[in-house]
Structures are given as C-alpha cells and as structure tokens.
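The values are calculated or read from the model by the stated rules, or taken from the named source; none is laboratory data. What you are looking at is a predicted structure, and each value in this text was computed from that prediction instead of being measured. With ideal geometry, Cβ positions are generated from the backbone for all residues, glycine too; neighbour counts draw on all protein chains shown. Note: accessible area is taken over every heavy atom of the protein model, side chains too, but ligands, DNA and RNA are not part of it. Shrake-Rupley method; radii C 1.70, N 1.55, O 1.52, S 1.80 Å.
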Amino acid sequence: LAKTTQPISMDSYEGQEVNITCSHNNIATNDYITWYQQFPSQGPRFIIQGYKTKVTNEVASLFIPADRKSSTLSLPRVSLSDTAVYYCLVGDGLFGGYNKLIFGAGTRLAVHP
Amino acid sequence: NAGVTQTPKFQVLKTGQSMTLQCAQDMNHEYMSWYRQDPGMGLRLIHYSVGAGITDQGEVPNGYNVSRSTTEDFPLRLLSAAPSQTSVYFCASSSSRGNSPLHFGNGTRLTVT
C-alpha cells in the first residue's frame, strides 16, 4: 500500500498561492495521485488527479516530478472559502482498487483575511 | 442529479440499539463504500461493494453489516450500537472506469450514549 505523508496544518492569507506537498515514496507504477477537499460537515470532494508532470483544472494545479515520489497541490490566490482539509491519496483507482485507498489525517489549511 | 444521498443526517442511539444508515446513488456507479470519520482524523473504510450482490470488508468492519441488493442502494447496519461507534459516517460511490474519483455523500452524524 502506498502511504502518503503531508503536513498536518498550514496557514495562509487571502490572495496568496498555497502549495501543499505530499510524499509518497512507495508509489507503484499503476498508481495515480488524487487530491480531495473536505469542508466541515461535508463529505470529501474530488479536486484533481494526475499521473506525471503537471495537471491543471479550474480549481488547482498538480505538479508531479519525474520520480513521482512526491506531488504538490497548488491553489492559486486562495480565499477564505478555501479553508478546508486537503487529502492526498495514492492508488490504483481501477475497479477493485478503491478499497486500498488510504485517507490519512490530511492537511488542515486555514486562510486568514 | 442528486449524487450520493445519505439519511438520516443525525441520529442518537442508546447502547445496544440497532439501526440502518441509508445510502443511495443515482449515477449508476458499480462501486460503493462506507467510511467512518472520527474527530480530527481521516476516513477509515468499513465495508465496500463492487456491484450488486458483492460486498467485502474494509479496515474496520466489526459491528457493522452491509448488503447490496441493487446498484443504487448500499445500507449500513449497526447490529448493537456501542459508544465507540460514535462517529460521522460517509458513503461514497464511483464508476468502474479506471481512476474515476469517489463521490461522497454529506454524512450521517451518529451519537451512541
């Protein structure tokens, strides 16, 4: 099982760029890297997923170096509404692989005015 | 599209009582699962199902039963509630297509006294 390590908490201010790094030294060849966001009293919500290099969508960017042993979620110009817990998951998301996904404690991001 | 719907949102039980947490999805997803989340912690997998009639245990299955008679529904049964089962329960579903993300419900907050 590919375990991940990410900071427990981070603080930022409105308008800043936030980068959350996740370490996954045991990532397997078939594994993808997926990030979820969770607001209080809600279920986690998919943000972005990638396999290598860089992926960008309307919400975030995901940077993955060539060795794939880490990844960085980048949130541009955060606002107060980005205050949430962010989870980094690594796994083979193919059918039957979801039971192996491990949600750690995540990174608690607090955005201040 | 309602996505993943969980009922009830809140529930208080006395030790020894039984109840069923309901989960329904309208996305025709093959994969469904139940997680529990304790304060300040990540999500832990209780049970999962890869299709109607097929279920399997996750990381913390003791004290819980599941069944999957239809694609849409995946109820979680607490056989004899214990204070240790006080938690927030999340249901999730996903398509069987490779690396499709998990879609979560908004949770059931259960308190066992």
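Worth a mention:
- On the stretch given as the range B:43-67, residues that are closer than 30 Å to A:PRO7 by Cβ, open to solvent by 10 Å² or more (accessible area, probe 1.4 Å) and out of contact with any helix residue (DSSP H, G or I) (no Cβ under 7 Å at 6 or more places or on another chain) total 3.
- The set of residues in the range A:34-57 being farther than 27 Å from B:GLN6 by Cβ, open to solvent by 50 Å² or more (accessible area, probe 1.4 Å) and not polar (S, T, N, Q) consists of A:TYR51, A:LYS52, A:LYS54.
- Yes/no for A:SER41 being at positive phi and within 14 Å of another protein chain (Cβ to nearest Cβ): yes
- If you go through the range B:73-93 and keep only what is surrounded by 14 or more Cβ atoms within 10 Å (Cβ to Cβ), over 26 Å from B:ASN28 (Cβ atoms) and not aliphatic (A, V, I, L, M), you end up with B:GLN85, B:THR86, B:SER87.
- Qualifying residue in the range A:44-54 (condition: over 27 Å from B:TYR89 (Cα atoms) and either more than 14 Å from every other protein chain (Cβ to nearest Cβ) or in contact with a Pro (Cβ under 8 Å, 6 or more places away or on another chain) (or both)): yes
- Every test in (1) under 15 Å from the mean Cα position of the chain (by Cα); (2) away from chain B (no Cβ under 11 Å); (3) part of a strand (DSSP E or B); (4) not small (Gly, Ala, Ser) is passed by A:ASP11 save one, and that test is (1).
- Criterion applied to B:THR70, B:THR15 was being touching a strand residue (DSSP E or B) at 6+ places or on another chain (Cβ under 7 Å), among the polar types (S, T, N, Q), exposed (fewer than 14 other Cβ atoms within 10 Å of the Cβ) and more than 14 Å from chain A (Cβ to nearest Cβ), and the one residue passing it is B:THR15.
- Restricting the range B:1-50 to residues that are basic (Lys, Arg) and assigned to a strand (DSSP E or B) leaves a set whose member that is farthest from B:VAL88 (Cα to Cα) is B:ARG44.
- Within the range A:78-113, tally of residues that are modelled with pLDDT under 95 and surrounded by fewer than 16 Cβ atoms within 10 Å (Cβ to Cβ): 3
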